[in-house]
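Let me begin by presenting the structure, written as structure tokens, before commenting on it.
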Amino acid sequence: MHIIECYALSCGLKIDKPYIPQEEIELPEGKYITFHPDCAKGNTRSYLYWKEVLDKISGLGYEIVRIGSDDPQEDFDGVNIDYFHSLNTKQLAYLIDNASLHLGYDSLPVHIASALGKKIVCLYSVYSSHSYPYWSNKEDIRLHEPDWDEYRPSFNYFEQNPIINSIDHNEVSSSVIELLTKGGEEDSTVS
């Protein structure tokens, strides 16, 4: 059961798609994806292999736009940082709404992207995907989790060896490529 369904059941409320107000901002030129790699709440969402993912998807013809307000854990070459630290929630929603895909860990931008019907590649660790992108079409999302037969969700923001790093970066980058090339949007021969 999704966490939203659990809350709705216990409160006796109907679930509806959220309304997200937007504020127009100047957007990047051309096609882009939003990228949210940083979490200041601890190390459990700090994925060590973002650089490998970005290296594999950089040739797809999409600008990679980094979002977030937490202090960056790492700098990534070739990533647009013009929007980092500078957006309110309404502006963030507008930026995500005009993106081709959202890439990041389970956080607010993932759920904004879901409510806006965007393609999503999301990594989970602290919690399992009981909080998956609820409003998304299943064919538009790729969720990556640790092997829960081998690991257990810690529900802790600090882990000695963060289990998020057990997620194969090749699978993450393949998910981005698949979602961006599906339906003839791009040349599907890109690898």
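The values are calculated or read from the model by the stated rules, or taken from the named source; none is laboratory data. In this text, all values refer to a predicted model and were calculated from it rather than measured experimentally. Because the Cβ atoms are built from the backbone with ideal geometry, glycine has one as well, and the counts that use them run over all protein chains shown. For the accessible areas, the whole protein counts, side chains as well, though only heavy atoms, and no ligand, DNA or RNA atoms are used. Shrake-Rupley method; radii C 1.70, N 1.55, O 1.52, S 1.80 Å.
A compact table of results
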| item | result |
| --- | --- |
| Complete set of residues in the stretch 66-108 that are open to solvent by 10 Å² or more (accessible area, probe 1.4 Å), at pLDDT below 95, within 15 Å of ILE141 (Cα to Cα) and not charged (D, E, K, R) | SER107 |
| Test set (1) under 16 Å from ARG45 (Cα atoms); (2) touching a strand residue (DSSP E or B) at 6+ places or on another chain (Cβ under 8 Å); (3) open to solvent by less than 20 Å² (accessible area, probe 1.4 Å) - VAL126 fails condition number | (2) |
| Residue list for the stretch 1-31, filter: in a helix (DSSP H, G or I), among the hydrophobic types (A, V, I, L, M, F, W, C) and farther than 25 Å from ASP70 by Cβ | CYS6, ALA8, LEU9, CYS11 |
| Options ILE57, ILE3, ILE15, ILE67; residue that is closer than 20 Å to TYR134 by Cβ and in contact with a Ser or Thr (Cβ under 6 Å, 6 or more places away or on another chain) | ILE3 |
| Condition check for TYR132: aromatic (Phe, Trp, Tyr), open to solvent by less than 30 Å² (accessible area, probe 1.4 Å) and modelled with pLDDT under 90 | no |
| Which listed residue is touching a strand residue (DSSP E or B) at 6+ places or on another chain (Cβ under 9 Å) and touching a residue at least 24 places away in the same chain (Cβ under 8 Å), from GLY78, GLY59 | GLY78 |
| Matching entry among THR44, THR34 (being crowded, with 17+ Cβ neighbours inside 10 Å, among the β-branched types (Val, Ile, Thr), modelled with pLDDT of 80 or more and not in a strand (DSSP E or B)) | THR44 |
| Residue in the stretch 122-130 that is part of a helix (DSSP H, G or I) and under 21 Å from HIS169 (Cβ atoms) present | yes |
| Matching residues, the stretch 139-172, being in a loop (DSSP other than H, G, I, E, B) and either of a type in the set (D, E, K, R) or in contact with a Cys (Cβ under 6 Å, 6 or more places away or on another chain) (or both) | GLU145, ASP147, ASP149, GLU150, ARG152, GLU159, ASP168 |
